[in-house]
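Quick notes on the structure that follows.
The values are calculated or read from the model by the stated rules, or taken from the named source; none is laboratory data. Because the structure is a prediction, the values reported are computed rather than measured. Glycine gets a Cβ as well: all are built from the backbone with ideal geometry, and neighbour counts include every protein chain shown.
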Amino acid sequence: MGPMTTIERLTADLTTSMKARTAFRTNTVRQMIAAVRVAEKSGTAAHDLTEEEVQAVLGAEVKKRRESAAIYLAAGATDRATTENTEADLIEAYLPAALTPEQLDTIVTEAIAATGAATIKDMGTVMKSATAAAAAVGRVDGKALSARVRQALTGGPGA
């Protein structure tokens, strides 16, 4: 039998956390499983999600929690912000490791060289190439990738 899928890991971790009576972890894992199940049933026909689709759903859940935490912090609700960030950290444990800034720089440099891009007008071509390369290596934040590509093409700081 091969390695466990993310949904299998979530289900196994749910059982473990329920047995250990860790309410926070149990609730967060339940929310993750529910988000995946909702995604399976969305669209025109219910279907099992691929591993990449499950990762995308979990990535969206992390993003939602990070955004909520920022809103809570701005409103002065630090306890709720801490809870949201802790949940996001827990969910991130199920995602592939994020790219380091050095890996991101290497991917952007290679994408620019491969596409022959010289100006900001070539950003779309570079982004397409860099996104594909980044997806093969690990998880990448689209905003961070876009900022690095723009920085490299405009000759901005750190280029």
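Points worth noting:
- Residues (without any contact (Cβ under 8 Å) to a residue 12 or more places away in the chain and either outside the structural domain of Thr86 (by TED's automatic domain parsing) or among the charged types (D, E, K, R) (or both)) located in region 5-30: Glu8, Lys19, Arg21
- The residues on offer are Arg65, Arg80, and the sole one that is of a type outside the set (Gly, Ala, Ser), closer than 23 Å to Thr11 by Cβ, free of Cβ contacts under 8 Å to residues at least 40 places away in the same chain and surrounded by 13 or more Cβ atoms within 10 Å (Cβ to Cβ) is Arg65.
- In region 139-147, the count of residues that are surrounded by 19 or more Cβ atoms within 10 Å (Cβ to Cβ) and within 19 Å of the chain's Cα centre (by Cα) is one or more.
- Condition check for Tyr94: among the hydroxyl-bearing types (Ser, Thr, Tyr), at pLDDT 85 or above and in contact with a Ser or Thr (Cβ under 7 Å, 6 or more places away or on another chain): yes
- Test: residue in region 43-58 that is farther than 19 Å from Lys143 by Cα, crowded, with 17+ Cβ neighbours inside 10 Å and within 12 Å of the chain's Cα centre (by Cα): yes
- Yes/no for Ile107 being free of Cβ contacts under 8 Å to residues at least 40 places away in the same chain and assigned to a helix (DSSP H, G or I): yes
- Residue in region 67-80 that is at positive phi and not charged (D, E, K, R) present: yes
- Residue that is at pLDDT 85 or above, surrounded by 13 or more Cβ atoms within 10 Å (Cβ to Cβ) and of a type in the set (A, V, I, L, M, F, W, C), where the choices are Ala88, Ala111, Ala133: Ala88
- Contacts under 6 angstrom Cβ, first residue in region 122-140 being in contact (Cβ under 8 Å) with a residue 24 or more places away in the chain, partner crowded, with 16+ Cβ neighbours inside 10 Å and of a type in the set (Val, Ile, Thr), 6 or more apart: Met123/Val149; Val126/Ile112; Val126/Thr115; Val126/Val149; Ala133/Ile107; Ala134/Ile107; Ala134/Val140
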